[in-house]
1. So is residue 56 assigned to a strand (DSSP E or B) and either more than 26 Å from residue 115 (Cβ to Cβ) or not polar (S, T, N, Q) (or both) or not?
2. Of all residues in region 1-14, which are more than 19 Å from residue 69 (Cβ to Cβ) and either among the hydroxyl-bearing types (Ser, Thr, Tyr) or surrounded by 14 or more Cβ atoms within 10 Å (Cβ to Cβ) (or both)?
3. Can you pull out the residues in region 1-26 that are in a loop (DSSP other than H, G, I, E, B) and within 16 Å of residue 109 (Cβ to Cβ)?
4. When the residues of region 73-84 are narrowed to those that are over 11 Å from the mean Cα position of the chain (by Cα) and touching a residue at least 24 places away in the same chain (Cβ under 8 Å), which ends up farthest from residue 117 (Cα to Cα)?
5. Looking only at residues in region 85-106 that are part of a loop (DSSP other than H, G, I, E, B) and touching a residue at least 40 places away in the same chain (Cβ under 8 Å), which one is surrounded by the most Cβ atoms within 10 Å (Cβ to Cβ)?
6. Of these, 62, 95, 99, which one is touching a strand residue (DSSP E or B) at 6+ places or on another chain (Cβ under 7 Å) and at positive phi?
Amino acid sequence: MAVKNIMVVDDSATDMHLLTEMLKKNGYVVVTAASGEEAIAKCKKEKPDAVLMDIVMPGMSGFEATRSISRDPETSAIPIIVCSTKGQETDKAWGLRQGARDYMVKPINEKALIEKLKAL
């Protein structure tokens, strides 16, 4: 399945804009969510092909949202790539344990991100 529709989840308008522009420039259709709660609701409604998930957000963290999306039978097939400033090995390991398929540390390298999306 070709990945075309991407959900960007980030509470930072700047980071959301940068990721959105990066994806659109490479031919992806982008939907956004500013919180973990919004991401879960939109995943059920929009069924994106993949999710780029920030971790540090007010309310529900990206770790919690990733766990919820990856463990819900309705959304568990949607691959999640964590995109966070949290770059410790323990953060990466925890993100993958929550159900993320991959983990990238900000600032996001455009070429590496597109390669990861193509590999999904």
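Please treat every number below as a calculation from the coordinates, not as lab data. Keep in mind that this is a model prediction, so the values were computed, not measured. Here the Cβ is made from the backbone with ideal geometry for all residues, glycine too, and neighbour counts use every protein chain on show.
1. No; evaluated as a whole, the condition is false for this residue.
2. Filtering region 1-14 for residues more than 19 Å from residue 69 (Cβ to Cβ) gives 2, 12-14.
Within region 1-14, 12, 14 qualify.
3. Narrowing region 1-26 to residues in a loop (DSSP other than H, G, I, E, B): 1-4, 10-12, 26.
Hit for region 1-26 is 26, nothing else.
4. Let us first name the residues in region 73-84 that are over 11 Å from the mean Cα position of the chain (by Cα), namely 73-77.
Pick out the ones that are also touching a residue at least 24 places away in the same chain (Cβ under 8 Å) and you get 74-75.
Values: 74: 21, 75: 18 Å.
Filtering region 73-84 for residues that are over 11 Å from the mean Cα position of the chain (by Cα) and touching a residue at least 24 places away in the same chain (Cβ under 8 Å), the one farthest from residue 117 (Cα to Cα) comes out as 74.
5. Only one residue tops the list, namely 100.
6. 99 is the lone residue from the list that is touching a strand residue (DSSP E or B) at 6+ places or on another chain (Cβ under 7 Å) and at positive phi.
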